[in-house]
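The block underneath contains the structure these notes are about, expressed in structure tokens.
The values are calculated or read from the model by the stated rules, or taken from the named source; none is laboratory data. Computed from a prediction, not measured in an experiment: that's the story for all the values here. Here Cβ is always computed from backbone atoms with ideal geometry, including for glycine, and neighbour counts include all displayed protein chains. Keep in mind that these areas ignore ligands, DNA and RNA; they rest on the heavy atoms of the full protein, side chains included. Shrake-Rupley method; radii C 1.70, N 1.55, O 1.52, S 1.80 Å.
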Amino acid sequence: MTIETSPEPGLPDTAVTDAQPTETLIATGGEWWRSAVIYQIYPRSFADDDGDGIGDLVGITKRLDALAELGVDAIWLSPFMTSPQHDAGYDVADYCDVDPLFGTLADFDAMLEKAHALGIRLIVDLVPNHTSWDHAWFQEALAAPEGSPERDRYMFHDGKGPNGDEMPNNWESVFGGPMWERTTNPDGTPGQWYLHIFDKSQPDLNWENPWVREQFHGILRFWLDRGVDGFRVDVAHGLIKEAGLPDYTPPEDAGSMGGGAADALVGLEPGIDADADADPATPPYWAQDGVHEIYRGWHAVLEEYDGERVLCAEAWVEPLTKLARWVRPDEMQQAFNFTYLSAGWSAPELRSVIDGSIAAFATVGAPSTWVLSNHDVVRHASRLALTAENLQGAGIGPNSPGLPDTAVGLRRARAATAVMLALPGSAYIYQGEELGLPEDIYLPDEARQDPTWFRTNHEKYGRDGCRVPIPWEAGAPTYGFGPADGAASWLPQPADWDVYARSSQQGVAGSTLELYKLALRLRAAHALGTGTLEWLGGYGPEVVAFRNGDVTVIANTGSTPVELPVERSADDVLLATEPLTEAALPADTAVWLRS
Ligand code: BGC
């Protein structure tokens, strides 16, 4: 038995071509975001139309048909706004323009129009915690005197000690090193310090300042007026800092997810256990109560617009019951479920986090979201087969312990995806995972660009390995990421990626691409996103088994085959992530059966 690749009888063929009519196919009503499958495009690495080695908006527009064919409901676009690119665009110098690297506002409008014509919604990344140091606001602040309104837009503070030589407190940057940088006065003398949770090129805004709040309402309206369907909000738990900026030393016992601020990408609190009920000690720069008022204001701005616009929080907050505060009815619609992403390939862990997620979000009437990969974490086709601890945000490279077996990783990733896409709620997928792409572990050191790599003196590889441009055409230069006569891709691609190229998988029974297409088609046809989960027992401790509507999902996370104690015929198998024998579900395999 191999994976079914043809549409079920009665299901529409989801292929959409350029011949589609150009009027919008976006449906209204129904709170689409409760069950949507949202595809993350990382613009630098998706498709390079102009041949400079970096992806761009025209490249995205030309490849949108492939996403319609895949069957996604919406796209989340990582930042493409004007930026000096010290953190791959998460350092914004102008929130209301497109960086020339990626194109123009006209290219953006054309992309949005085509996405809508294909029935695909578009949400854009908004980075409110910090700007680039190139932003006019920061340059004005540096030029203005201490105590001026311009300085009050950021977190400028006097240093401690007789000459102000000591940092205002002991906080450590998420990317490594201190969270403070000292300025130089116009006369050359040392000046005040400014706070940066991330790189020193990313100064934190002062969200206690009403002027800052007002600017962001304008920025939201700028993109809403252009027709975007919402925003993914970067570092949505960081905007407000505890009054007095008290010293904070992360706990020594790192636990499974990191050993301190520098180990915890975007602030996942150290020592988190996916099952933890307790509210871990809150660092003074994360998850302060004051952030919620900001999002209530944003919610009201979005309400001014028709068509169900949404906010999705990137907030690394535990436990889930606390994260649920971001999606109360008058705040955001969604929050990324990083507790789910952080779970290992283990049935007890998965059952626990799935239960905990659905319960926590239900208390505020929100759907759960599900996610396995993004541009900040080791791709799940590698992560799920790591045999050693991997600190969040640390990445993996040639010298990392416990490197994954590629075949095991892919097998687990396919099964994990099949579990995720059968869950009620909204699922996020990251470009390239539909091709089964692994992390690029062997990127040459000199190619690495993540600030984490530099700020930790190469101690942590960082996130470049999941950001390598994706392969479209086997055998073509840059695997068709760029034109044949274009520049090399901004991060070099491994020599053995022909096998992952879309062209190698398109229409091939059993390929990961066809598995994703089938899963998305079945998910829509069986309304799994709006369904209800009911656990099924009797399959043993290493099996995740549940029913969602008329689909039964069984996943074997163990290392030995598991009997399938259900009466079934071959027709009852809607999807299987590996070939099935008559009676058993192999290790690291998931199956969807007609209930
Ligand atoms: C983004 C990262 C980025 C950081 C700073 C994160 O949440 O996803 O890629 O480096 O914010 O903006």
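Here the Karplus curve 6.51 cos²θ - 1.76 cosθ + 1.60, taken at θ = phi - 60°, turns the phi angles of segment 181-192 into couplings of 10, 8, 8, 10, 5, x, 8, x, 7, x, x, 6 Hz, with x standing for Gly and Pro. Dipole magnitude for the chain: about 880 debye, using +1 per Lys or Arg Cβ and -1 per Asp or Glu Cβ, origin at the Cα centre. Fully extending the segment from Asp97 to Glu303, taken as 0.36 nm per residue of separation minus the present Cα-Cα distance, adds 71.8 nm. Distance between the modelled labels on Trp211 and Thr406, one decimal in nanometres: 5.5 nm (7 Å Cα→Cβ projection). Amide H to amide H distances under 5 Å link Leu122 with Ile75, Asp229, where only residues 5 or more positions off or on other chains count and H is placed in the peptide plane. In sequence order, segment 380-396 has phi-based couplings of 5, 5, 10, 4, 6, 10, 5, 10, 10, 4, 10, 5, 3, x, 6, x, 9 Hz under the Karplus curve 6.51 cos²θ - 1.76 cosθ + 1.60, θ = phi - 60°, and Gly or Pro positions carry x.
One Cα centroid belongs to segment 188-253, the other to segment 443-458; the line between them spans 25 Å. Backbone amide hydrogens, once placed in the peptide plane, bring Gly53 within less than 5 Å of Ala487, excluding anything fewer than 5 places away on its chain. With a 1.4 Å probe rolled over the protein heavy atoms of all chains, the accessible area of Phe156, Phe222 falls in the order Phe222, Phe156, largest first.
The ellipsoid equivalent to the alpha-carbon distribution of segment 136-195 has semi-axes of 19, 15, 10 angstrom, derived from the gyration tensor eigenvalues as √(5λ) and listed largest first.
Each Cα pair under 8 Å and six or more residues apart adds its separation to the average, and for segment 136-195 the resulting relative contact order is 28 percent. Mean sequence separation of contacting Cα pairs (under 8 Å, at least six apart), scaled by the length of the chain, corresponds to a relative contact order of 15 percent.
Its Cα centre serving as origin, segment 136-195 has a Cβ charge dipole (Lys and Arg +1, Asp and Glu -1) of approximately 80 debye.
Our coupling estimate for segment 132-139, obtained by passing each phi through the Karplus curve with A = 6.51, B = -1.76, C = 1.60 and θ = phi - 60°, is 7, 5, 7, 4, 4, 4, 6, 4 Hz, Gly and Pro reported as x.
Measuring with a 1.4 angstrom probe and ignoring ligands and nucleic acids, Trp490 comes out at about 40 Å² accessible. Mind checking the angle between helix 210-226 and the chain's longest principal axis? C-alpha axes, 0 to 90 degrees, to the nearest 10. Tilt relative to the chain: about 40 degrees. Principal axis extents of the Cα atoms in the chain, from largest to smallest and rounded to whole angstrom, are 80, 52, 48.
Tell me the angle of helix 512-525 to the major Cα principal axis of the chain, expressed in degrees between 0 and 90 and rounded to the nearest ten. Long axis of 512-525 versus the principal axis of the chain: about 80 degrees.
Between the residues Asn169, Leu205, Ala415, the greatest Cα displacement towards the positive end of the dipole of the chain, with unit charges on the Cβ of Lys, Arg, Asp and Glu, is found for Ala415.
Among 30-42, 142-154, sorting by the average number of other beta carbon atoms lying within 10 angstrom of each residue, highest first, gives 30-42, 142-154. Only lysines eight or more places from Lys62 in sequence, or on another chain, were considered; those with a Cα closer than 17 Å are Lys114. Within the accessible surface of the chain, defined with a 1.4 Å probe on protein heavy atoms only, the carbon and sulfur portion equals 52 percent.
Residues in segment 136-195 average 48 Å² of solvent-accessible surface per residue, probe 1.4 Å, ligands and nucleic acids excluded. Which GluC sites (Glu not before Pro) from segment 302-365 combine a DSSP loop assignment with at most 11 other Cβ atoms within 10 Å? Answer by residue number: Glu304.
For the pair segment 56-72 and segment 310-338, the centres of their Cα atoms are 28 angstrom apart. Dividing the summed -39500 (n - 2.57) terms of all DSSP H runs of n ≥ 4 by the residue count of the chain sets its mean residue ellipticity at 222 nm at -6500 deg cm²/dmol.
The alpha-carbon of Lys200 sits under 26 angstrom from the alpha-carbons of these lysines, leaving out residues fewer than 8 places away in its chain: Lys160, Lys241, Lys460.
Spatially, segment 85-148 and segment 498-522 are offset by 34 Å when compared through their Cα centroids.
Residues Cys466, Cys96, sorted by accessible area with the largest first, give Cys96, Cys466 [1.4 Å probe; ligands and nucleic acids excluded].
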